[in-house]
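What follows is a set of notes on a single structure, which appears directly below.
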Amino acid sequence: MKYAVLVVMGALLCAVPANAMDVETFFAKAVTLQKKGLGSVFAKDLKPMIRVIEEAAKLVKAESETARAAGLPLFCAPKKYPLNAEQFIGEFSRNPKERRQLQSVRDAWREIVIRRFPC
């Protein structure tokens, strides 16, 4: 019985969308990781955060491709647009805390790339 409960809980945790994290939570974790410096490589939060931002970027890219096909691209970014940690955290810090608490990482990422790479 305990095993069945664990399996169900694991399935529910996996079913939560990657972009469900609000920006404030993500931002706080990112600042904490940045303060750790090289020690952040071993932090348990690093990989889940990478997955969240990769999923958000994938969803925004797909949305932009759909809009581009309709003739109204959301943004015109180069194929690769790397951001270092300071730039990344700086972009998220531009929004007030109240807004970050309400906004998903996906929506914030969408705003960032539209602002950085207008057409």
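Observations, loosely collected:
- Considered as a group, the residues in segment 75-97 that are aliphatic (A, V, I, L, M) and outside any helix (DSSP H, G or I) include one that is surrounded by the most Cβ atoms within 10 Å (Cβ to Cβ), and that residue is Ala77.
- Set Arg68, Arg106, Arg110, Arg100: member being in a helix (DSSP H, G or I), charged (D, E, K, R) and touching a strand residue (DSSP E or B) at 6+ places or on another chain (Cβ under 8 Å): Arg100
- First in segment 16-29 and over 19 Å from Ser93 (Cβ atoms) and at pLDDT below 90, second anywhere and surrounded by fewer than 16 Cβ atoms within 10 Å (Cβ to Cβ) and not aliphatic (A, V, I, L, M), Cβ under 6 Å, 6 or more apart: Ala18/Arg51
- Boolean, Leu38 is surrounded by fewer than 17 Cβ atoms within 10 Å (Cβ to Cβ), touching a residue at least 12 places away in the same chain (Cβ under 8 Å) and either among the charged types (D, E, K, R) or over 22 Å from Arg116 (Cβ atoms) (or both): no
- Options Leu38, Leu59; residue that is of a type in the set (A, V, I, L, M) and modelled with pLDDT of 90 or more: Leu59
The values are calculated or read from the model by the stated rules, or taken from the named source; none is laboratory data. All values derive from a computational prediction rather than experimental measurement. A quick note on method: Cβ atoms are made from the backbone with ideal geometry, for glycine too, and the neighbour counts reach across all protein chains shown.
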